[in-house]
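Reviewing the structure listed below.
Read-outs throughout are calculated quantities, based only on the coordinates presented, and are distinct from any laboratory measurement. Being a predicted model, the structure only gives us computed values, none of them experimental. As a convention, Cβ positions derive from the backbone with ideal geometry for all residues, glycine included, and neighbour counts pool all protein chains shown.
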Amino acid sequence: MKNNSNSPSTKALIFLIQIVCLVVFLPTSHCNRLTVFFPMDANLIAQTCNQTPYPDLCVSTLQSDPRSAKADVKGLGIIMVDAVKAKAHEASLQVEELVDKDPGNVALQDCRFNYDDIFQLDIPQAVEAFDKDDYKSAELGMTNVVANEDSCERRFSGGSPFKDESQALHDVAYVAAAIAKNLSNLHPFGTPQELKSRQDFYRDPLKEKLKNNSNSPSTKALIFLIQIVCLVFFLPTSHCNRLTVFFPMDANLIAQTCNQTPCPDLCVSTLQSDPRSTKADVKGLGIIMIDAVRAKARDANRQLEELINRDVGNVPAGKCRFNYSDIFQLDIPQAIEAFPKDDYKSAELAMTNVVANADSCERGFSGGSPFKDESQALHDVAYVVAAIAKVLRS
């Protein structure tokens, strides 16, 4: 029976039966979702863009690029990353022109560092990630573009001289991040390539045999002994300082960790105020900082709700409510779940999203919101947690 099932005629018959069953029995409610996988679909751009925060911008950007006509959703994401690169170049040109005119302007110099990160880290990360179907990393790269752009703008009271170019970059990067997030949601257990790789591994008899042998008590003991010997005799002394950050109860642990974040003083004061820090490793410090993010978010949200109660028709405040809903329902829970699983990339992404949501709220108010101090505090502490997560995964 097994040999017959491998014949070409049998395979063709099985394939035909599968197609018929798919057409006859597939619920019609799934049809709209299935269409997003077929290139050349006239509705593909609209369907994709309707799942982003700026549908009109998304549609106009994609329709202006002839590659969109033959692209699937992944291809549309890649096209949007190119649009992000173009918008970043426009904003960066403005920054450089202003720096040439006013070399001593501290805000402009800081913005230059932000745009260096965008070009050297964030965009290359997204380009590489889309190519590898690593949509979570692609989303993180684009969200970091938003965070860097917002960080630059916040240095100018009332907005920078290039705030229009900055806003354009902000919006198109948010669209690219949303496309990456939607693609990531379509593969919750990993991309097809990743799943195939896992299946191939578990089906390899040789690897299974090696795996079984390595689980014997004698083999484990031998491996452990070899690791200890190598650690003692071959570890360069220059690595000792770095290793200490992973041991709890180290008096320098908080300082060493916080010095690798954008706000060291805030990081130190926040951690030292929590008694759990005395027995925490770096991972534990990150978890403590998430609690601080939640507390700061509650402070800002309390001010927001009071503003809405006083001024029911306040449009920017109404939009901010959606931002803080994402922070409480999506971003913070994602980070809380990710840290215990050692999924530091997801933790970093979640905290960067907190920064982006807080900044997005603030941008709705001319000159800043009535709770801009609480918003800034949330922005800073979330950036610290994102940096700790980045240290842990590097």
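Assuming R0 = 25 Å, can you tell me the calculated FRET efficiency for the pair residue 65 and residue 186, based on Cβ-Cβ distance, to the nearest 0.05?
0.65
Using only the Cα atoms of region 250-393, what semi-axes does the equivalent ellipsoid have when each is the square root of 5 times a gyration tensor eigenvalue? Give whole Å, largest first.
They are 29, 15, 12 Å, listed from largest to smallest.
By the scheme Lys and Arg +1, Asp and Glu -1, what is the net charge of all other residues having a beta-carbon under 13 Å from that of residue 276?
-1
Could you work out the local net charge near residue 170, counting Lys and Arg as +1, Asp and Glu as -1, over the other residues with Cβ closer than 11 Å to its Cβ?
Local charge sum for residue 170: -4.
Per the Debye formula with a single identical scatterer at each Cα and no solvent contribution, what log10 I(q)/I(0) holds for region 287-359 at q = 0.13, 0.22, 0.28 Å⁻¹?
Here log10 of I(q) over I(0) equals -0.39, -0.90, -1.25.
Post the alpha-carbon centroid distance, region 135-187 to region 321-394, in whole angstrom.
Using only Cα atoms, the two centres lie 13 Å from each other.
Could you give me the ³J(HN,Hα) list for region 170-181, computed from phi with Karplus coefficients 6.51, -1.76, 1.60 and θ = phi - 60°, whole Hz, x at Gly and Pro?
Result, rounded to whole Hz: 3, 5, 6, 5, 5, 5, 4, 4, 5, 5, 4, 5.
In a shell of Cβ-Cβ distance under 10 Å around residue 355, excluding residue 355 itself, what net charge do Lys and Arg (+1) and Asp and Glu (-1) give?
Once positives and negatives cancel, what remains is -4.
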